[in-house]
Every structure is written in C-alpha cells, then in structure tokens.
Amino acid sequence: MWCPGPWSEGSILKTCGWPWVTAPAQRVIHDPSPSAFRERWSVLRWIGRLLLRTVTDHPTKPHHLPESILILDHGSQYTQLIARRVRELNVYCEIHPFSKAQDLVGDPDVKGVILSGSPSSVHEAGAPDTDLHGFIGRLPVLAICYGAQLLAKRAGAPVERSKVREYGRARLTTISDDHLFDGIGAGSQVWMSHADTITAPSEAMEVIASTEDVAVAAYRLRDAMTYAVQFHPEVYHSTDGLQL
C-alpha cells in the first residue's frame, strides 16, 4: 500500500505516520483522527471540483464540430455500434429514439440521418414507425435492415416474412454504378440478420445491389438522397461497411 504520510523508524520495520502502523508481526488499522479526516475530505473536495470543471469545459457536443449525423434508434442491438463506426470517421453523431424524429427536423446542425435496425417486424402492431417528414428529400438518409424494410413498405414494395431467418455472411453484387458503393470491390462480404425480406422493388425504388438469396439487398428512393440496405454495414463482418 502506498503511504503519503511521514515515515519514522519503528522496531525492525519502517512505519508510516498515516493512521495505521506496521509492527513486526501484525498491522493494525486505526480510525483516522478528526484532523486527518478533515485533511482527506479537503483533498476529495478539490478533486471533485477539478472533475466538475473538466466536464463543464468539455460539453458533450463540441462547439467546433456543430454538424452532426442523427441516428434514429428502433431498438437495434447494433445502434451503439453504428455510432461508433460513424465516430471512427471523425464525424460527430447523436442517437435519439425514433419517436423524437420530428422534434429534430428543424435542427440546422443535422446533416444526415441513419435509421437503425430493430428486433421488431414491420408487420407487428406497435412496431417502430418513424416519421421522416422533413428529412426525406432534404437530407441524405441511410436506412439499415428494419429501416430499409420500413421505407420499402411505405414505398409500396412487398415485405414478406422469410421462411428461414437469414443470419450470416453474404456476398454483395452491385447492380448499378451508384456512388454508395464507391471504393467497394465486387463480391464484398456483408452481414445479414433479418426475418423479413423485401421481395421486389416498387416504382419509387431503384435496386442497386443484391445477394444470392436477397434480390433487394440495397436500393435507393428515386429523386431523393435516400439509401437503404438490408444488411448491417456497421457490423465488422461487413468488410467494407466503414467505406460504405
């Protein structure tokens, strides 16, 4: 144990002036004296003020990085990982519940939106139903897994229950030369984890990638900066997820 107190010679061993003493055969713990207690309390208060000053001087949202990506959470187990991947790109982001979307439409600092996945199905009563009015067509939007299914269903595309839940690696085949896949090689590995599947596009959608088992693995909404992927680019099994 480190001892900040004065040292003095005692018996065979050196002993410390802190409120415990070391004898050759035993160590006895003593209650601190009132003066020692006041001294320690003063040190703890000083440390507390220092920590408070540090937190105050470094707010959660840095003033020099006002622009941010808004992550709307549908309850996905990967939402925090989405945020981590965004921050790995040195981009500030915030996670908010999907129900708060309309409260943030007017925030001038929001420069893009990401919709997370969800353990829910778009067919379930009470499933997350994010209101994106004011975002679609105005800001870039990336919808992941459940988010992709939600936007597809709204666009009139069929979203059906899969006979077998798809969970695992898949190889991506790009169908169109879209900027979303710039820097991503052919046959890039992606991670699938879903029980519902978009089986066909609607007229409002353009399919831009597929896999062996999923015809609509990625799409974009026509005339909008809105992209959607059935896979999880935030998961490390998706080898080019960070690039995407």
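The values are calculated or read from the model by the stated rules, or taken from the named source; none is laboratory data. These figures come from a predicted structure and were not determined experimentally. Reconstructed Cβ throughout: ideal geometry from the backbone, glycine too, with neighbour counts over all protein chains shown.
For beta carbons closer than 7 Å, sequence separation of 6+ or different chains, a first residue in segment 183-206 that is assigned by TED's automatic domain parsing to the domain that holds Arg171 and a second that is aromatic (Phe, Trp, Tyr), the qualifying pairs are Val190/Phe231; Trp191/Phe231; Met192/Tyr167; Met192/Phe231; Ser193/Tyr167; Pro201/Tyr219; Met205/Tyr219; Glu206/Tyr219. Applying the condition of being among the small types (Gly, Ala, Ser) and within 26 Å of the chain's Cα centre (by Cα) to segment 188-222 and asking which residue is nearest to Ser162 (Cα to Cα) yields Ala195. Examine segment 139-152 for a residue that is touching a residue at least 24 places away in the same chain (Cβ under 8 Å), assigned to a strand (DSSP E or B) and surrounded by fewer than 21 Cβ atoms within 10 Å (Cβ to Cβ), and state whether such a residue exists. Scanning segment 139-152, I find no residue that is touching a residue at least 24 places away in the same chain (Cβ under 8 Å), assigned to a strand (DSSP E or B) and surrounded by fewer than 21 Cβ atoms within 10 Å (Cβ to Cβ), so the answer is no.
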